[in-house]
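For reference, the structure discussed in these notes is given below.
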Amino acid sequence: MEKHVEDLSTRLAKAGHEVFTYTRANYTDKSLKKYQGVNLISLPNIATKHFDAISHTFRACFDLIKREVDIIHFHSIGPSSLIWLAKLLKPGVPIIFTFHTKCYEHKKWGVLARLCLKTGERIACRLADKVITISPSLTEYARAKYKVNAAYLPNGVSLPKIVKADKIGKWGLKKDGYILAVTRLVGHKGVQYLIGAYKNLKTNKKLVIVGDGAYTDNYVKELKAAAEGNKNIIFTGNQSGPELAELFSNAYLFVQPSEAEGLSIALLEAMAYKNCPVVSDIRENTDVIKNCGASFKNKSLSSSFNRRR
C-alpha cells in the first residue's frame, strides 16, 4: 500500500496537482517535508499494532480543518472507518476510498480487531463518494455486498531496468542461483508453507526471503526457527533501491505463497523483471499471472505445481 500511495501521489504531483500526503515517523523521516513534488505532513501516532494506523488517521482528519483541499483520499478499510469524521470536519469535500484488501482475513488480527475492520469496510463502502477497487474479485465483492458502483483501477508498476548481480554477492547469491520471495513477514503471506515446501525440494537453488515483520515478531521467530540449520534459506530483511533491483533481476523464479491478497505489487514487480511467477492458487494471484507462470494449492507443503498456459 505504501508503494501504491507513493506512485499515485508523485504522479499526481508531476501532472501539476498540489498533493499532501500524511506520513508516520515510524515509516518516514519526520524531517522530510517534500518528496518528488509531494508535500509530506508528519503527524504523531500511537505506534502499536492496534493503534498505529487509526491514531494517525484520527490526527490527520483534524489536520484537514486547516487545509484547503478539493479531494480527500483514504486508503484501506482500517483508516477508512473514520471517513465519517472527515465528512463532519470538511463538509462538502468529496472523499475517495481505495479498497486494497479484506484486512480482517489477515492472521495477525484478533476477534475484536477483525470486527473493527469489517465495520471500517462497511463505513467506507457506504459513506465514500467514490469507491475504487484494485482487483476483479474485490470489485465484484463490493458491488454485490454494498451495491456500490466501484471503479476497478488495478495496481501497476513501471517497467524496470534489469541489472547484473553485484551487491547481492554479500549473501552469496549469483544469477539464477536462488528462488525469491518478497513480502512482509505476516501470517497470511504463507511464508511458513514456502519454507516447508522448500525443505521437501531437492535443489541447489537457495531460497531468499526479502522482507520483515509488521508487529509480528513471534511469527518471524517461528519462521527463522523453521529454517534453522539450512544454510540455503536466507533472510535478508527489508530491502530497497539497488539491492532489491538486483534481487529481482537475477532470481531463478519468484514465489508468492500468500493465503490472502489485494493485488500484489511485489508480484507485479517480479513479473516486470521477467521473473517466472509461482503462486498460491488464490484468485487474487491467478488473476494477475493468468497464463504466465504456475500455481500451487494454497497452504500446500508440496513442491508440485500446475503450469498455466
Positive end of the charge dipole of the stretch 1-114 (Lys, Arg +1 and Asp, Glu -1 on Cβ, about the Cα centre): tell me which of 88, 58, 38 has its Cα farthest that way. 58
At R0 = 25 Å, FRET efficiency that the Cβ-Cβ distance of residue 111 and residue 217 yields, to 0.05: 0.75
Suppose every Lys and Arg Cβ carries +1 and every Asp and Glu Cβ carries -1, with no other charges. What dipole size does the stretch 167-307 come out with about its Cα centre, to the nearest 20 debye? 540 debye
Give the residue from 13, 253, 75 lying farthest towards the positive end of the charge dipole for the chain; charges sit on Cβ (+1 for Lys and Arg, -1 for Asp and Glu) and the dipole is referred to the Cα centre. 253
Total charge dipole magnitude, the chain, about the Cα centre, Cβ charges on Lys, Arg, Asp, Glu only, Debye to nearest 20: 540 debye
Could I have the simple spin-label model distance between residue 302 and residue 119, label points 7 Å from Cα toward Cβ, reported in nm to one decimal? 4.3 nm
Work out how much length residue 201 to residue 59 would gain on full extension: take 0.36 nm times their residue separation and subtract the Cα-Cα distance, in nm to one decimal. 46.2 nm
Under 15 Å Cα to Cα from residue 147, which aspartates and glutamates show up? Leave out anything in the same chain fewer than 8 places away. 121, 129
Provide 1, 271 in ascending order of the number of other Cβ atoms located within 10 Å of each residue's Cβ, fewest first. 1, 271
Degrees between helix 52-63 axis and first principal axis of the chain (Cα, 0 to 90, nearest 10): 30 degrees
Options [x] 35, 21, 19; [y] 32, 25, 18; [z] 59, 22, 16 are given for semi-axes √(5λ) of the Cα gyration tensor in Å, and the computed one is [x]
Give a quick list of GluC sites (Glu not before Pro) in the stretch 1-66 that DSSP marks as loop, anything other than H, G, I, E or B, with at most 12 other Cβ atoms within 10 Å. 18
Quick one: putting +1 on the C-beta of Lys and Arg, -1 on the C-beta of Asp and Glu, what dipole do you get for the stretch 43-152 around its Cα centre, in Debye to the nearest 20? 340 debye
Could you work out how far apart the two model spin labels at residue 231 and residue 144 are, taking each label as a point 7 Å from the Cα in the direction of the beta carbon, and quote it in nm? 5.1 nm
Apply the Karplus parameterisation 6.51 cos²θ - 1.76 cosθ + 1.60, with θ equal to phi minus 60°, to every residue of the stretch 186-198 and state each ³J(HN,Hα) to the nearest whole Hz, in sequence, with x for glycine and proline. 10, x, 6, 7, x, 5, 4, 6, 4, 5, x, 5, 5
Estimate the FRET efficiency between residue 272 and residue 27 by the formula 1/(1 + (r/R0)^6), using the beta-carbon distance for r and 25 Å for R0, to the nearest 0.05. 0.55
So for the pair residue 89, residue 290, with labels modelled 7 Å out along Cα→Cβ, what separation do we get in nm? 4.3 nm
Find which of 218, 275, 168 sits farthest along the positive direction of the dipole of the chain, computed with +1 on the beta-carbon of Lys and Arg, -1 on that of Asp and Glu, about the Cα centre. 275
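Every number here is computed from the coordinates shown, using simple stated rules; none is lab data. These figures come from a predicted structure and were not determined experimentally. We place every Cβ from the backbone using ideal geometry, glycine too, and count neighbours over all the protein chains shown.
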